[in-house]
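Here is the structure we will look at, set down as structure tokens.
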Amino acid sequence: MPAVSKGDGMRGLAVFISDIRNCKSKEAEIKRINKELANIRSKFKGDKALDGYSKKKYVCKLLFIFLLGHDIDFGHMEAVNLLSSNKYTEKQIGYLFISVLVNSNSDLISLINNAIKNDLSSRNPTFMNLALHCIANVGSREMAEAFAAEVPCILVAGDTMDSVKQSAALCLLRLNRTSPDLVAMGEWTTRVVHLLNDQHLGVVTAATSLITTLAQKSPEDFKTSVSLAVARLSRIVSSASTDLQDYTYYFVAAPWLSVKLLRLLQCYPPPEDGAIRGRLTECLETILNKAQEPPKSKKVQHSNAKNAVLFEAISLIIHHDSEPTLLVRACNQLGQFLQHRETNLRYLALESMCTLASSEFSHEAVKTHIETVINALKSERDVSVRQRAVDLLYAMCDRSNAKQIVAEMLSYLETADYSIREEIVLKVAILAEKYAVDYTWYVDTILNLIRFAGDYVSDEVWYRVIQIVINRDEVQGYAAKTVFEALQAPACHENLVKVGGYILGEFGNLIAGDSRSSPLIQFDLLHSKFHLCSVPTRALLLSAYIKFINLFPEVKGTIQEVLRSDSQLRNADVELQQRAVEYLRLSCIASTDILATVLEEMPPFPERESSILAKLKRKKGPGNLHPDLDENRKERSVNGGTADHSSTTSNAKVATSPTPSTDLLGLGSTIATQNSAPRASKGASLLVDVFSGNIAAFPVETPVSVGPVADENFSSFLPNTPQVAYANATLPTAEEPEDKFVCKNNGVLYENQLLQIGLKSEFRQNLGRMYVFFGNKTSTQFMNFAASVVCQDTLQAQLNVHAKPADPTVDGGAQLQQILNIECVSDFVDAPVLNIQFRYGGTLQNIAVKLPITLNKFFQPTEMTSQNFFQRWKQLGAPQQEVQTIFKARHSMDTEVTKAKIMGFGAALLDGVDPNPSNFVGAGVIHTKTTQVGCLLRLEPNTQAQMYRLTLRTSRDTVSQRLCDLLSEQF
């Protein structure tokens, strides 16, 4: 409320406020307010016209009553009338009332808009400021529609006062936030950017806030702001506090403007121009140097302003991730804050160092502070700071310090706050698995986890230890011995009983030779925990008992007695009763061989992403994970269960801008072979599950007789040399050229600043289904979103693609799924086009992308013997049925990669068919609605000359040519 002074003359308002304050009870206050409302109502309805002073006074009283929490349902028209007054105080009260009480659906909006237009056109800076403040405060869509075009004109006009420019910039910022689709800068873009050169720092500060928001939406349109922002920042950081006296805050020159400029620069990558880049580096070095200088004031405001600029500069250094010297200096500066007496500084330092730990340039520098971070974990009083310390330990962990960090986190777990225990458990489990050279250490770590925080150990954690133990022969005996000893404790957590039951049921025979862990002792130990467990755990133990009958026939009678007991056969729980009955019957009637077959040891689990890591991603979000653990940056080990421990270097930038180029769709570089589909998952809509890389092949159809390679050998054309195999050969990832989807079905199809499009496909015979995922990378909703598939010309008769309708809106940071059903009618060459259209920030966006639907997607593999292959090869000997090409290798000639590509292409790889073992032979059938086309292929590499010869024979010449063109591009 505006200050009420004696000179203002509103004595009645002052008396009313005094009366309200003097009321002894709520009832007395309501009585006085009702009396005043009746008086005001009578004045407004009276025959005598009120002058401007009276209207102002009564409107002020209504506003005060409203602020006390009472509803006001009259007086709006009188407030609107005050807008036409030429007196500042009356116009001010009118705008204040409207900003607070008038909603966007009011019938008075048109009258208010007219009054605002009159004030904006008056060229009176005071009245223009009041009008702009009202537009910003109300911020309704109606006002945006009325003034979104007019406010930019005021902002860039040459004769506009500086104070009005400030108001116009902030008003436009507010309209852009409430109605971004209505604020289209267009022709004003360049002139708005040049406001960064304005002499008035207030205008520059307001313009920087506006440009930062607009640059997040349309970075390309505002990229010229980078050079101007660097120049302005350079002038600020190099100036003395006396040079910018009006904008110096406790001896810090223009701290708010400096922070805003640094945030604007975080919307863009490092400048390509060497001069600009060098000037920016100088600015950042100067900011870091000033942080080392003695403080010019002991007041907290000085240190707050100085540190605000410093932390924003460090955020920019981390965002660019390109200057090793700056990154290390930033890390050392943050290290000094780790022991600062101010809690907020310690928190911010730990948070910033978490992102620094992911940079290849500063990771080692971060590790030098490990003792300080561990000390913070133990002694810090604030739980939020302790949580950041846990995050930093997780981020700085590598092979050299894994055991130390895991031990410290386990030690802290015993006294950790309940709110963060589950997260610590997940992180310890992930680090123990990732950096386990000796898997006995991994088993010990997980069992300690269960002992210290059993209630917070999720199913994913003990599932994972079971998978790893089963997949690794060398640790099975140790695991059985360790869990046996752990179960001997008087009180065991139920998760430990689950792990013990599973491992002893599978590998109890490995420790049965010791009299202290004989079969009967193992069984008695497990059964002593039975009655203390929940139903699911009891069911698991019953399965372990029947496994014991297979492993240890000598305890068969004892176990059968347990299964025969009334507590089992007549158990109230149906699941337990059914298991007891079936297991008892199985043990009685099955022969030893049948038991051995039915109850054989679990086979190794297929390789897949760690379910613990997936859970941590869902809990924290992919942007908060240590990048080394992200599936886009790690290779899988061959024998399953855990990630390969060879360290990989990331080129990913840790973006702190509001529009970071994070992988919204969660699409890793997991390779999916042709004719493969993901395993069914509960969360089919979660992309982290859809693209997890869990693959199950379709059943192979009945083989169609096809046939083999010609008698001639490629060695007669090129000298034969031994192949060089690379152990870590990998298939193409989502960052390779447009033909990347020929041999795989999953990946990122398209990506720009706004949108990421990911695919997951599955095909069987002539039918296919494609899941298209649209990820909104911005914080603004996409409106009028539509995606359609177009088949041009002859393709319409060759391929049917039906797209299910998609939602018309995609929220900021959200994902949208669309399903495409595909039918191959006949062989084809062209690809259908996916047209995407949506509105973003008032601008219509159109994107056209070719869908990777190629003829080989309808390839079904066919296994055949060498005799059948050669017989069929000769049958397809007509000139028009064969296509052959000789070409230079574009990629490394790795045997394993070549095999994977041929299988990913869709053909069955036939071993031992070609007389030359270096050659590759494949067979399959192309399925269309109208016909089936048998296909044979032979790929003959010559590593010495770095060349290939590819031969394809099919019963249709167009198919031979198309498949040859597609496959030859992959090598």
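Some points to look at:
- The listed residue being touching a Leu at 6+ places or on another chain (Cβ under 7 Å) and open to solvent by 20 Å² or more (accessible area, probe 1.4 Å), out of 388, 472: 388
- Flag if residue 429 is assigned to a loop (DSSP other than H, G, I, E, B), more than 24 Å from residue 321 (Cβ to Cβ), touching a helix residue (DSSP H, G or I) at 6+ places or on another chain (Cβ under 7 Å) and open to solvent by less than 20 Å² (accessible area, probe 1.4 Å): no
- Screening 375, 344 for residues that are open to solvent by 10 Å² or more (accessible area, probe 1.4 Å), assigned to a helix (DSSP H, G or I), more than 29 Å from residue 436 (Cβ to Cβ) and not hydrophobic (A, V, I, L, M, F, W, C) leaves exactly one candidate, 344.
- Residue within the stretch 189-199 that is at pLDDT 90 or above, part of a helix (DSSP H, G or I) and under 26 Å from residue 115 (Cα atoms) present: no
- Note on the stretch 41-85: residues that are open to solvent by 40 Å² or more (accessible area, probe 1.4 Å), within 18 Å of residue 119 (Cβ to Cβ) and not in a helix (DSSP H, G or I) amount to 1.
- Boolean, residue 844 is within 30 Å of residue 182 (Cβ to Cβ), open to solvent by 20 Å² or more (accessible area, probe 1.4 Å) and either part of a strand (DSSP E or B) or modelled with pLDDT of 90 or more (or both): yes
- Residue list for the stretch 877-902, restricted to those being surrounded by fewer than 19 Cβ atoms within 10 Å (Cβ to Cβ) and under 15 Å from residue 963 (Cβ atoms): 880, 881, 882, 884, 885, 887
- Residues that are in a helix (DSSP H, G or I), under 26 Å from residue 556 (Cα atoms) and out of contact with any Pro (no Cβ under 7 Å at 6 or more places or on another chain) occur in the stretch 455-467; there is at least one.
- For first residues located in the stretch 886-902 and free of Cβ contacts under 8 Å to residues at least 24 places away in the same chain and assigned to a helix (DSSP H, G or I), partners that are of a type in the set (A, V, I, L, M, F, W, C) and open to solvent by 20 Å² or more (accessible area, probe 1.4 Å) and lie 6+ apart or on another chain with Cβ distances below 7 Å form the pairs 899/909.
Quick grid of which residues meet (1) under 26 Å from residue 496 (Cα atoms); (2) among the aromatic types (Phe, Trp, Tyr); (3) loosely packed, with under 12 Cβ neighbours inside 10 Å:
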position: 527; (1), (2), (3): yes, no, no
position: 536; (1), (2), (3): yes, no, no
position: 549; (1), (2), (3): yes, no, no
position: 588; (1), (2), (3): no, no, yes
position: 605; (1), (2), (3): yes, yes, no
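- Matching residues in the stretch 394-409 - criterion: being over 13 Å from residue 430 (Cα atoms) and crowded, with 18+ Cβ neighbours inside 10 Å: 396, 408
- Against the test of being outside any helix (DSSP H, G or I), of a type in the set (Gly, Ala, Ser) and closer than 22 Å to residue 364 by Cα, the options 322, 315 yield a single qualifying residue, 322.
- Hits in the stretch 497-508 (condition: open to solvent by 10 Å² or more (accessible area, probe 1.4 Å) and either within 23 Å of residue 452 (Cα to Cα) or modelled with pLDDT under 90 (or both)): 498, 502
- Considering only residues in the stretch 200-218 that are among the polar types (S, T, N, Q) and part of a helix (DSSP H, G or I), the one that is nearest to residue 253 (Cα to Cα) turns out to be 205.
- In the stretch 114-137, the qualifying residues are those that are in contact with a helix residue (DSSP H, G or I) (Cβ under 6 Å, 6 or more places away or on another chain) and more than 14 Å from residue 91 (Cα to Cα), and the one that is least open to solvent (accessible area, probe 1.4 Å) is 135.
The values are calculated or read from the model by the stated rules, or taken from the named source; none is laboratory data. Keep in mind the model is a prediction, meaning the values are calculated, not measured. Here the Cβ is made from the backbone with ideal geometry for all residues, glycine too, and neighbour counts use every protein chain on show. Heads up: the accessible areas ignore ligands, DNA and RNA and are worked out on the full protein's heavy atoms, side chains in. Shrake-Rupley method; radii C 1.70, N 1.55, O 1.52, S 1.80 Å.
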